[in-house]
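Down below is the structure, laid out as structure tokens.
The values are calculated or read from the model by the stated rules, or taken from the named source; none is laboratory data. Note that this is a predicted model, so its numbers are computed, not measured. We place every Cβ from the backbone using ideal geometry, glycine too, and count neighbours over all the protein chains shown. Areas reflect the complete protein model, heavy atoms only, side chains present, ligands, DNA and RNA absent. Shrake-Rupley method; radii C 1.70, N 1.55, O 1.52, S 1.80 Å.
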Amino acid sequence: MPKVKTKKAAAKRFKVTGTGKLKRMKAYKSHILTKKSTKRKRNLRHAAMTDVTNVKTMKKIMPYI
């Protein structure tokens, strides 16, 4: 059986924690920042866990991570 290729775009965006959960950075922090409040931008800095409904798909496209 051939090896499965890792989707590199996904591998760059997700990190696996020690317990096997997927960590991601939040969206909406790249441009048009003047109209967003300071509080909103500050909260977007922190990493978040990937939702349980998406984990199965993400593990499939990143088999070796």
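I'm checking my understanding of the structure. Among residues of segment 27-53 that are hydroxyl-bearing (Ser, Thr, Tyr) and touching a Lys or Arg at 6+ places or on another chain (Cβ under 9 Å), which one is least open to solvent (accessible area, probe 1.4 Å)?
It comes out as Thr50.
Taking interchain pairs and intrachain pairs at least six residues apart, which have beta carbon atoms under 7 angstrom, with the first residue in segment 2-26 and closer than 17 Å to Pro63 by Cβ and loosely packed, with under 13 Cβ neighbours inside 10 Å and the second of a type outside the set (D, E, K, R) and at pLDDT below 95?
Val4/Pro63
Which pairs do you get when a residue that is under 15 Å from Thr17 (Cβ atoms) and at pLDDT below 95, found in segment 47-65, comes within reach of a residue that is open to solvent by 50 Å² or more (accessible area, probe 1.4 Å) and part of a helix (DSSP H, G or I), reach meaning Cβ atoms under 9 angstrom, with the pair 6+ apart or on two chains?
As it stands, the answer is Ile65/Lys59, since those pairs meet every condition given.
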